[in-house]
Structure formats: structure tokens, C-alpha cells
Amino acid sequence: MYINSEGIIFRQVKATGGRRMILLFTKKYGKISAGSNINEKGRTKSALAMRPFTYGTYELYKNREYYNINSADVKKSFFRIGEDVDKYMQASFVLELTEKMVPEDLPQPRLFNLLIDFLDAMESREKRHETLVLAYEVKALAILGTYPQLDQCTCCGKSEDLRYFSIASGGMMCSDCREKNLEITANKANDTLIYEAKFDIVKILKYFFDTPIKAFEKIALDEKAAESLQAILRKYMSYYLDIGTLKSESIFEGKF
């Protein structure tokens with residue numbers, strides 16, 4: 001059976017006989033693994049669609065357990081991302097993060113559209129690219145149904161004195177529940193999943209949630225706030241989405 005879908009390549013590895021194994025994020029079918037004889041270094045239109053940060057249309061042959069990419073065509077190439085080292089690193093991180101977020105063969109059209117919008121905004125952005133990455137992470141959490149509770153304490157439901165963010169509880173926590181948590185653990189060293197909100201995390205997360213990602217082409221978060229928020233979101237995503245360690249994370253040591 002022959003099928004078609006818009007898609008973007010997460011990664012590819014060389015196989016025997018000049019073939020490549022492609023991990024492709026498609027709009028219709030979700031994340032799929034497919035073989036292909038198309039070489040990205042070629043000069044055909046199909047070869048151009050196999051290059052990094054390219055949004056394309058892919059024709060695939062599918063049997064019960066196997067996909068093969070027969071041909072491809074470029075819809076849009078975000079080639080300027082590859083011309084800037086920082087953009088390239090940030091975008092590579094988001095591709096790897098998205099790959100880990102989604103299971104195979106489960107369509108995620110909203111997340112797919114978000115990824116395309118992110119790449120479009122990243123290509124146009126001039127500096128402080130980490131703010132755009134944070135916006136993508138927040139919106140991806142909402143799409144995947146793991147967005148944190150921000151308007152009330154996740155433990156008691158109180159809407160006042162929300163001074164802490166609890167990863168294990170899934171959102172904001174009031175001071176009273178924080179103290180009760182300390183009494184239960186009896187050791188602050190075991191309380192690593194609760195953060196004091198030293199900046200207005202609720203306001204920032206809500207702004208990221210409500211603002212279209214294309215509007216982040218010029219918006220930049222304060223560096224210290226970005227560093228704190230990235231640390232929280234990274235642990236939050238690992239806790240709820242079982243992402244594990246990402247190869248591209250080492251790139252950001254000292255950046256956030």
C-alpha cells in the first residue's frame with residue numbers, strides 16, 4: 001500500500017547496501033521508522049527533502065510491519081537554522097526532545113504543527129534562542145495533556161500563597177503543604193522535586209501558553225529566569241514523559 005504524508009526527519013542512520021534508516025515524524029501517522037535508498041547528498045528533489053530541518057511531503061510504501069520512503073518533495077527548507085551554530089544546537093535539542101515525547105504510530109497533528117511553527121520562528125529569530133525553546137516546551141506539555149496546575153495548590157486546592165512548584169504533585173504548592181511535605185520526608189535532601197518560585201513562574205507559563213509561538217521571534221526572557229525555568233521544565237518533562245537523558249543536552253551546559 002502506498003501512502004503520503006507531510007513530515008520532518010528526526011534522524012537517520014546509514015544501513016548496509018547504501019540504504020538509510022529514517023525516523024520520520026509524519027502529520028498523518030505520527031513517528032514512524034522507514035527505510036530508504038534516497039541519499040540526502042544527492043541533487044534530486046527527493047534528496048533535498050531528506051536533509052536536516054526540511055519540511056517535506058513523503059511517499060511511502062507500507063506493508064504490515066515495514067515502511068519505505070520511495071520519494072519526497074520539499075515543502076519548506078529551514079536551511080538558515082544550519083547557518084547559525086546556536087540555532088542549530090537549539091533546534092537539534094527540540095527535535096530530539098520531540099522524538100522522545102511521542103510514541104511510534106500515534107498521530108500528533110497539533111504537535112507536528114507546533115514543531116513546524118517553532119522551526120519557522122527559530123529561523124527568523126536573531127538572538128536569545130532559549131526563550132523560543134522554553135515556549136515550545138510549555139506548549140508541547142499542553143498538547144500532550146501534561147500541563148501543570150497553576151491556579152491552585154495541587155495538594156489542598158487553595159489559591160493563595162502559591163510559593164512553590166512541585167514536580168511530583170504536578171504544579172503549584174502552597175506554603176502550608178510545603179511544610180507538611182517536609183515533615184513527611186524529614187529530610188530536605190529528599191525534597192529535590194519542589195522548587196521555590198523565586199520568579200513569577202505562573203505568569204510566565206501562562207504567557208507562554210497563551211501567546212502564539214510565532215510571536216516569540218523577538219521576545220526574550222530574562223537570562224536567570226530562563227535558567228530557572230529550564231531546570232524546572234526539564235525535570236518536569238522527565239518525570240511525566242519518561243524522556244531520560246538526551247544526547248543534545250550536553251550542548252546547553254552553561255547556557256541556561
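Just so it is clear, none of the values below were taken in a lab; they were calculated from the coordinates. In this text, all values refer to a predicted model and were calculated from it rather than measured experimentally. So basically every Cβ, Gly included, is an ideal-geometry build from the backbone, and we count neighbours across all protein chains shown.
In deg cm²/dmol and to the nearest 500, what is the mean residue ellipticity at 222 nm of the chain if only DSSP H runs of at least 4 residues count, each as -39500 (n - 2.57), divided by the residue total?
Rounded to the nearest 500, it is -11500 deg cm²/dmol.
Net charge within 11 Å of Arg125 by Cβ-Cβ distance, Lys/Arg positive one each and Asp/Glu negative one each, not counting Arg125 itself?
Within the 11 Å Cβ shell, the charges total -1.
Quick one: net charge of Glu96's neighbours, Cβ under 14 Å, K/R +1, D/E -1?
Summing Lys/Arg as +1 and Asp/Glu as -1 gives +2.
Taking the simple approach of a point 7 Å from Cα along Cα-to-Cβ for both Asn39 and Arg19, what is their distance in nm?
Result: 1.7 nm between the two label points.
For the range 42-127, please report how many Lys pairs fall under 18 Å Cα to Cα, leaving out neighbours fewer than 8 apart on the same chain.
The number of close lysine pairs in the range 42-127 is 4.
Rounded to the nearest 5, what % of the DSSP beta bridges within the chain are antiparallel ones?
90 percent
Expected output is a single nm value to one decimal: the length gained when fully extending between Asp105 and Asn4, i.e. 0.36 nm times separation in residues minus the C-alpha distance. What is it?
Taking 0.36 nm per residue and subtracting the Cα distance, the gain is 34.9 nm.
Assigning unit charges at the beta carbon (Lys, Arg +1; Asp, Glu -1) and nothing else, what dipole magnitude in debye, to the nearest 20, does the range 44-122 show about its Cα centre?
With only Lys, Arg, Asp and Glu charged at Cβ, the dipole is about 220 debye.
Looking at the chain, identify the longest residue range that excludes and avoids all GluC sites (Glu not before Pro) in DSSP loops having at most 10 other Cβ atoms within 10 Å.
Value returned for the longest uninterrupted segment is 161-252.
Quick check on my link table: of Lys139/Lys247; Lys41/Lys214; Lys28/Lys224, which ones sit more than 29 Å apart, alpha carbon to alpha carbon?
Pairs exceeding 29 Å: Lys41/Lys214; Lys28/Lys224.
For Ala197, which sequence-distant residues (separation of 5 or more, or a different chain) have an amide H within less than 5 Å of its own amide H, given hydrogens modelled in the peptide plane?
Under 5 Å from the amide H of Ala197: Tyr164, Phe165.
Full-extension gain between Arg64 and Asp242, please, as 0.36 nm times their residue separation minus the C-alpha to C-alpha distance.
61.3 nm is the gain from fully extending Arg64 to Asp242.
Search the structure for amide H atoms under 5 Å from the amide H of Arg128, placed 1.01 Å from N in the peptide plane, and list their residues when 5 or more places away or on another chain.
none
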